[in-house]
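The values are calculated or read from the model by the stated rules, or taken from the named source; none is laboratory data. Remember, it's a predicted structure, so these values are computed and weren't measured experimentally. Cβ atoms come from the backbone with ideal geometry, glycine included; neighbour counts cover every protein chain shown.
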Amino acid sequence: MVKVTLKDGSVREYSEGVTLAEVASSISGRLGKEALVGRLDGKLVDLTTPIKKDAAVEFYTFDSEEGRQTFRHSTSHVLAQAVQKLFPGTKLAIGPAIADGFYYDFDASEKFTPEMLGKIEAEMEAIIKADLPFERMDMERESSLEFFDRAGESYKVELINDLPVDAAISCYRQGDFTDLCAGPHVPSTGRLKSVKLTSLAGAYWRGSEKNKMLQRVYGTSFPKKSLLEEHLTRIEEAKKRDHRRLGAELELFTIQEEGPGFPFFHPKGMVLRNELEKFWKEVHRKRGYHEIRTPIILNRALWERSGHWDHYRDNMYFTKIDELDYAVKPMNCPGGILVYKSRLHSYRDLPIRMAELGLVHRHELSGALHGLMRVRCFTQDDAHIYMLPGQIKEEIMGVIDLVDYIYKVFGFKYKVELSTKPEKAMGSDEIWEMATSALEDALNTMGMEYKVNEGDGAFYGPKIDFHLEDCLGRTWQCGTIQLDLQMPELFELTYVGEDGQKHRPVMIHRTVFGSMERFIGILTEHFAGAFPVWLAPVQARVLPITGRHVEYAQKVMDRLDAEDIRVELDDRNEKVNYKIREAQGQKIPYMLVLGDREAENGAVAVRHRSAGDIGSMGLEEFIARIKDEIKTRKI
RNA sequence: GCUGGUGUGGCUCAGUGGUAGAGCAGCGCAUUCGUAAUGCGCAGGCCGCCGGUUCAAAUCCGGCCACCAGCUCCA
């Protein structure tokens with residue numbers, strides 16, 4: 001007999017060799033049906049695993065991350081089986097579960113087309129219907145190599161060869177299909193129920209553009225058809241929040257063929273942008289930043305000195321002035337450094353926080369452009385902090401706090417990543433080590449959760465990145481804090497210390513919004529275009545019911561205008577329903593419906609874009625209300 | 001940059017070799033209306049660009065450009 005301890009702490013006895021699936025069924029019929037995978041003494045395992053000694057056991061259904069991952073991963077095996085059946089000779093690369101589904105990379109002689117996805121799906125459904133059990137096979141390294149080599153699965157051979165010598169190697173088989181896989185899997189293909197292949201894309205083997213491009217098939221799966229449908233509807237809804245679509249509908253910005261990656265900001269987009277800048281300037285002034293502005297085009301020699309010529313040239317634009325070489329700035333730091341160097345600094349002046357809303361240009365790959373999220377010119381809300389080595393931690397913590405403060409004003413949740421030394425880096429390992437641990441130290445002291453991104457740092461130093469989500473859950477780097485031990489050396493920056501001697505300051509580069517463009521993109525999707533009143537391009541629209549109310553409406557509008565409230569008058573000869581419909585479409589926060597009743601007693605009938613009709617109130621009362629919302633930046 | 005897809009009035013889309021269409025938006029006229037679409041009428045298109053095939057091309061072929069998804073890269 002074995003003693004099995006369940007999640008709730010209760011202990012049950014079973015005969016030795018009982019499987020997890022049997023335990024689950026004995027707890028409840030429903031758990032037996034819904035459990036997908038289990039945990040045995042802390043290790044995620046198949047439900048078919050026998051329990052041979054006393055152990056702690058947990059079960060996961062589709063409601064848990066573990067359950068969903070296993071479910072999608074198993075579906076990817078079914079996809080691979082279907083593809084190999086339909087297209088014999090197709091080689092398999094990898095097929096993991098991802099956030100909302102799974103993918104599998106194939107090296108196939110025929111080109112997959114969208115029409116073929118339907119056929120593959122049908123084949124998958126047949127495999128699911130056949131309810132083939134997933135069988136685990138633990139293998140010796142040699143025999144696994146032999147097996148995949150004979151099958152012509154060269155990618156699998158490469159994967160096995162790259163596994164550590166002592167790594168356990170396992171395969172999973174369903175029917176006549178076998179794949180290299182650590183597992184675990186659901187018990188059988190019949191559990192997979194509802195499958196949808198969603199898209200087709202190229203993907204480099206092992207993510208390197210030096211390797212062959214494989215064909216990646218994306219899909220998702222659910223244990224019930226209704227869940228799949230819900231998921232697809234959710235994605236359709238999310239697409240309506242796409243900033244590219246809303247940007248056009250709300251007349252915020254456009255991107256034209258004449259300037260791919262170079263956005264045009266329209267009047268309404270500029271209002272939003274200016275409000276953001278106003279807020280940003282206010283907060284930075286309060287936190288001891290001084291604003292500067294540096295030129296967009298600077299001499300090539302500067303870029304050679306900064307290292308950009310060697311490390312960043314591919315992303316830069318160049319020009320000639322009077323036969324001399326110049327570059328369009330891809331970063332603000334070298335210019336900012338020249339401002340620092342223009343005079344002598346005492347240790348008493350440090351830290352010096354110099355901020356710049358700087359327009360930078362970068363040659364991004366054409367295929368990487370994406371609305372306002374990735375463009376070829378953007379305004380960074382940059383700042384460079386020059387400080388004593390002893391001030392590093394405090395300054396970094398100050399920036400982290402600032403980012404947190406500003407993101408909270410918009411109600412953003414964010415993720416933090418720490419990026420370490422890349423391949424193309426300047427400076428010694430020791431310097432990188434020191435800089436990286438300074439960033440880590442600050443994060444740990446502040447109790448921040450973060451993920452480490454090995455090799456993702458800037459060429460001059462490691463960085464802390466702040467990532468925000470778009471409408472489809474894709475994340476974009478916005479804020480960043482980069483500790484730079486290179487530029488101060490390269491530009492021979494100094495301050496005069498207590499001892500009267502010159503010393504080297506430490507420098508950090510940082511942004512909060514990241515780029516005004518990207519931030520506006522994120523903001524638009526986050527609020528689905530319904531910006532908080534303080535940011536809304538139009539804060540109120542006055543809607544006279546008939547022509548005879550226009551005069552009063554004009555008065556109301558003038559009064560609001562005098563209070564610096566952004567207001568429009570809709571005096572078109574249309575029904576009020578029509579005017580409301582349009583104002584709603586423009587996501588204008590307040591609509592003031594004005595008829596005889598309002599004109600008589602100086603009132604406004606207020607409609608809020610999300611709360612609807614909130615009744616009539618005195619004009620002054622409404623002004624007090626909206627002004628309070630603006631002042632407190634209510635979201 | 002790479003893989004796949006898409007490109008027709010301001011917007012959403014129909015049109016697969018034979019004289020370019022619809023709805024919405026716009027403009028005009030009528031309607032003067034109380035919380036999400038009043039009616040009638042009128043305009044508007046080098047069918048992304050360049051070249052080829054054909055008696056004839058939005059439609060077939062080639063090249064280029066842009067966009068979309070993903071890869072790579074990144075604020």
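Here are the numbers for the structure shown:
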quantity	calculated
Pick from segment A:49-85, criterion assigned to a helix (DSSP H, G or I) and of a type in the set (D, E, K, R), ranking: nearest to A:Lys119 (Cα to Cα)	A:Lys85
Enumeration of residues in segment A:86-98 that are more than 24 Å from the chain's Cα centre (by Cα) and not in a strand (DSSP E or B)	A:Leu86, A:Phe87, A:Pro88, A:Gly89, A:Thr90, A:Ala93
Only one of A:Asp179, A:Asp166 that is more than 16 Å from RNA strand B (Cβ to nearest atom), acidic (Asp, Glu) and surrounded by 12 or more Cβ atoms within 10 Å (Cβ to Cβ)	A:Asp179
Subset of segment A:337-377 that is assigned to a helix (DSSP H, G or I) and more than 14 Å from RNA strand B (Cβ to nearest atom) - its residue that is surrounded by the fewest Cβ atoms within 10 Å (Cβ to Cβ)	A:Arg348
Identity of the residue in segment A:378-426, small (Gly, Ala, Ser), under 29 Å from A:Thr632 (Cα atoms) and not in a helix (DSSP H, G or I), that ends up nearest to the chain's Cα centre (by Cα)	A:Gly411
Positions within segment A:75-98 being free of Cβ contacts under 8 Å to residues at least 60 places away in the same chain and touching a Ser or Thr at 6+ places or on another chain (Cβ under 8 Å), in sequence order	A:Phe87, A:Thr90, A:Pro96, A:Ala97
Selected residue (only one of A:Leu228, A:Leu214 is crowded, with 16+ Cβ neighbours inside 10 Å, within 12 Å of RNA strand B (Cβ to nearest atom) and either closer than 28 Å to A:Arg136 by Cα or of a type outside the set (Lys, Arg) (or both))	A:Leu214
Any chance A:Leu569 is at pLDDT below 95, under 23 Å from A:Glu251 (Cβ atoms) and not acidic (Asp, Glu)	yes
Residue within segment A:440-451 that is within 16 Å of RNA strand B (Cβ to nearest atom), crowded, with 18+ Cβ neighbours inside 10 Å and not polar (S, T, N, Q) present	no
Residue under evaluation A:Gly67, criteria (1) at pLDDT 90 or above; (2) over 35 Å from the mean Cα position of the chain (by Cα), criterion not met	(2)
All positions within segment A:274-315 that are without any contact (Cβ under 8 Å) to a residue 60 or more places away in the chain and of a type in the set (A, V, I, L, M)	A:Ile297, A:Leu298, A:Ala301, A:Leu302
Candidates A:Ser188, A:Ser154, filtered to the one that is more than 23 Å from A:Thr70 (Cβ to Cβ), of a type in the set (Ser, Thr, Tyr) and surrounded by 13 or more Cβ atoms within 10 Å (Cβ to Cβ)	A:Ser154
Failed item in (1) in contact (Cβ under 8 Å) with a residue 12 or more places away in the chain; (2) under 24 Å from A:Val78 (Cβ atoms); (3) among the basic types (Lys, Arg), with A:Arg206 passing the rest	(1)
Any hit, segment A:53-64, residues being within 16 Å of RNA strand B (Cβ to nearest atom) and either under 30 Å from A:Lys7 (Cα atoms) or surrounded by fewer than 21 Cβ atoms within 10 Å (Cβ to Cβ) (or both)	no
Helices (runs of 4 or more DSSP H) wholly inside segment A:542-635 containing at least 1 residues that are more than 7 Å from RNA strand B (Cβ to nearest atom), surrounded by 12 or more Cβ atoms within 10 Å (Cβ to Cβ) and without any contact (Cβ under 8 Å) to a residue 24 or more places away in the chain	A:550-562, A:576-585, A:619-631
Selection within segment A:231-277 - away from RNA strand B (no atom under 12 Å from the Cβ), acidic (Asp, Glu), within 18 Å of A:His526 (Cβ to Cβ) and surrounded by 14 or more Cβ atoms within 10 Å (Cβ to Cβ)	A:Glu275
Residue within segment A:430-444 that is under 30 Å from A:Arg581 (Cα atoms) and touching a Phe, Trp or Tyr at 6+ places or on another chain (Cβ under 6 Å) present	no
Only listed residue being within 12 Å of RNA strand B (Cβ to nearest atom) and surrounded by fewer than 23 Cβ atoms within 10 Å (Cβ to Cβ), chosen from A:Gly473, A:Gly521, A:Gly500	A:Gly473
Selection count, segment A:312-330, where residues are surrounded by fewer than 14 Cβ atoms within 10 Å (Cβ to Cβ) and assigned to a loop (DSSP other than H, G, I, E, B)	2
Total residues in segment A:431-448, condition under 20 Å from A:Leu402 (Cα atoms) and touching a strand residue (DSSP E or B) at 6+ places or on another chain (Cβ under 7 Å)	5
Unmet requirement for A:Val556, which otherwise passes all of (1) at pLDDT 95 or above; (2) over 30 Å from A:Met373 (Cβ atoms); (3) under 41 Å from the mean Cα position of the chain (by Cα)	(3)
Qualifying positions in segment A:476-492 - within 9 Å of RNA strand B (Cβ to nearest atom) and either free of Cβ contacts under 8 Å to residues at least 40 places away in the same chain or not small (Gly, Ala, Ser) (or both)	A:Trp476, A:Gln477, A:Cys478, A:Thr480, A:Gln482
Those residues of segment A:210-247 which are closer than 30 Å to A:Val375 by Cβ and among the charged types (D, E, K, R), in sequence order	A:Lys210, A:Arg216, A:Arg234, A:Glu236, A:Glu237, A:Lys239, A:Lys240, A:Arg241, A:Asp242, A:Arg244, A:Arg245
Residue check, A:Lys193 more than 16 Å from RNA strand B (Cβ to nearest atom), modelled with pLDDT under 90 and either hydrophobic (A, V, I, L, M, F, W, C) or closer than 30 Å to A:Lys43 by Cβ (or both)	yes
Matching option when the condition is over 25 Å from A:Tyr172 (Cβ atoms) and either under 41 Å from the mean Cα position of the chain (by Cα) or aromatic (Phe, Trp, Tyr) (or both), among A:Leu31, A:Leu44, A:Leu6, A:Leu40	A:Leu6
